[in-house]
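Heads up: the structure comes next, in C-alpha cells.
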Amino acid sequence: MSRAVRIGLAALLGAVIVHLVVILLFPAIGSNDVWSAMDGEDANGRFAVLAQPAPATAERAYLDPMMVHAVCRFDHLDEAPVRIVAVLEDVFWSASVFDRRGRNLFSVNDRTAAAPLDLLLVGPADLSALQREAAAVLEQSVVVDLAIDSGLVVLRAFVADPTMLPALRAMLASADCNAPIDRTPVPEPIVVTPPAGEVPAETPPVPAPA
Amino acid sequence: MRPIRDLALAVVIAVALGLASAAVAINQRANAGAATFGPWVARTGEAAGQADPYARAAAAATIDLPLGTAEGLAFAADTDSRGRRLDSRCTYTIAGRSLPARLWTINAYDGAGLLMANPSGRSGFHSRNLVRAADGSFTIAIAASPQPGNWIPIAGDGLLLVLRLYDTPLTTGLAPTDLSLPSIERGACR
C-alpha cells in the first residue's frame, strides 16, 4: 500500500468520525437554542406575546406571520410542576411544549383540548407524588409528563385579519403560566349499592324501527 | 519523522473533511428522510421529540418553534414543480385544490429566509381569505408587477415559499393517498 493511499484512508476514516461527532454533539453545544432566543422577552413564568414577524427582518422570521404567538419559559420542572390555564376564543389555536433545543414534545389544538385550556406540566417524581396524594389537580388538568427541567410553552392563535390582532394579543397575554395547583385530595367517590333483593328497573327495550 | 508527518497530514484532512461535511449536512437541513410532495419538502422529524440526529443538529443550528403533531405540518419549496430554483425575477402561478387541513397559510420569503418585503405588507394568503373558483380550486400569482386575483407581490433576490397546514391528518399518518399539494408553475422571467 502506497503512502498516499494510507494517508487517504486514515483521513477518510477520521473524517467520518469527526462528521459523526459533530452531528451528534451539535444539539448539545449549539448556542442557537430557542430558550436563549427568548432572553429579551419577559417570559419567565408568564406568557410574553411575541412581536409579529416583520418583512426582511431576521427576528422571528421562523414564525407564521398569520399567527400570533405567546411564549412562557419554565425552569426547574424537576422541583415543582407548572400549570397553564388559558381561556381562548373561538379561533384556531394551539398549545405546545418545547424543550430548550426547540423540539416539540407535546401539542394540543382547540379541537383536541377541552376549553378552557388546562395543562399540568409535571416531572416523573412529582407526578407519582400527586398520584399518591390523589391531588385534585389531576382531575382538572391534562397531565403532561415531561422528563425535562426547562423548556417553553407556546400558544398560537390564528389571525384571520390584521384588525383582529390587538384582541388576539390581549387574549394570549391573559393566559396564566403559573396557575395555582390544587393538591387537596379528591374525596372518595360515594358508591351507592342497591339494597339486597331489589332488582334495578331495566329500561324498556327500544322498539325496532319499522 | 515521516510517519508523524503523515499522521499529522491525515488528521488535518480528516478534521477539515469531517467539519465541512457536517456543516453541509446541517445547512442543507438533512433532507434525507423528509417527506416531499413535488417541490414541497416537509419539515418533519422534529415533531414529538423523535428526531433523527441530522434533524436534531439542523434544529440546533436554526432557531425554530416547529409545529407539533396536533398543530400541523409546514412545507417549504425553493424550486418550482419542474425542479428549477425559484427566482424573484420570474412570475409563478401556484395552483391547487382543497388541502387536507382545517386551515392553511402560504407565505413568500426571500432568499435569506426572511419574510418577503413589499410595499403592500402582504406576504401571503390563508385558506379563508383566498379567492377561489366555483369548483373550489385556486390560483395564486407570485409576481413583482400587479396581477388580477390572488397576488403575492415579490421583490429583491431569491424566493422561498412556505406552506403551513394546521390541524391536518398528515401529522398522524392518516395521509390521503391522493394528496396533492399545490403546483408551482414558472411564467415569464425578466
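Derivation of every value follows stated rules applied to the coordinates shown; laboratory data play no part. Since the structure is predicted, the reported quantities are computational estimates derived from the model, not experimental observations. Cβ coordinates were reconstructed from backbone atoms using ideal geometry, including for glycine residues, and neighbour counts include every protein chain displayed.
Key figures for this structure:
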| item | result |
| --- | --- |
| Sorted by Cβ neighbour density within 10 Å, fewest at the top, the residues A:Arg169, A:Arg183, A:Arg156 | A:Arg183, A:Arg169, A:Arg156 |
| 5 angstrom amide H check on B:Trp151, placed H, neighbours 5+ away | B:Ala141 |
| Kirkwood Rh in Å, taken over all unlike Cα pairs in the range A:15-84 | 14.9 |
| Rounded, prolate or oblate (a/c below 1.5 giving rounded, otherwise prolate when a/b exceeds b/c) for the protein assembly as shown by Cα gyration tensor | oblate |
| Fraction of the pair-distance distribution of chain A above 21 Å, Cα-Cα pairs, percent | 66 |
| Sequence-distant residues sharing a close amide H with A:Gly102 (under 5 Å, placed H) | A:Val34, A:Trp35 |
| Antiparallel DSSP beta bridges within the range A:34-173, as percent of all bridges there, nearest 5 | 85 |
| Gyration tensor (Cα) of chain B, equivalent ellipsoid semi-axes in angstrom | 37, 22, 13 |
| Which of A:Leu138, A:Leu120, A:Leu50, positive extreme of dipole for the range A:34-173 (C-beta unit charges) | A:Leu50 |
| Cut-off under 5 Å, modelled amide H: who pairs with B:Thr79 long-range | B:Leu86 |
| In order through the range A:120-131: 3J(HN,Hα) via Karplus (6.51 cos²θ - 1.76 cosθ + 1.60), integer Hz, x for Gly, Pro | 10, 8, 8, x, x, 5, 5, 5, 5, 5, 5, 5 |
| Whole-Hz couplings from phi, Karplus 6.51/-1.76/1.60, listed for the range B:71-86; x for Gly and Pro | 8, x, 8, 9, 10, 10, 10, 10, 9, 7, 5, 9, x, 7, 4, 5 |
| Mean projection area, nm², convex hull over Cα of the range A:78-191 | 8.4 |
| Exposure proxy ranking, count of Cβ atoms within 10 Å, fewest first, for A:Thr57, B:Thr172, B:Thr105, B:Thr93 | B:Thr172, A:Thr57, B:Thr93, B:Thr105 |
| Residue exposure sequence - B:Trp151, B:Trp40 - by fewest surrounding Cβ within 10 Å | B:Trp151, B:Trp40 |
| Most mobile of A:Gly40, A:Gly102, A:Gly14 in a GNM of chain A (Cα contacts under 10 Å) | A:Gly14 |
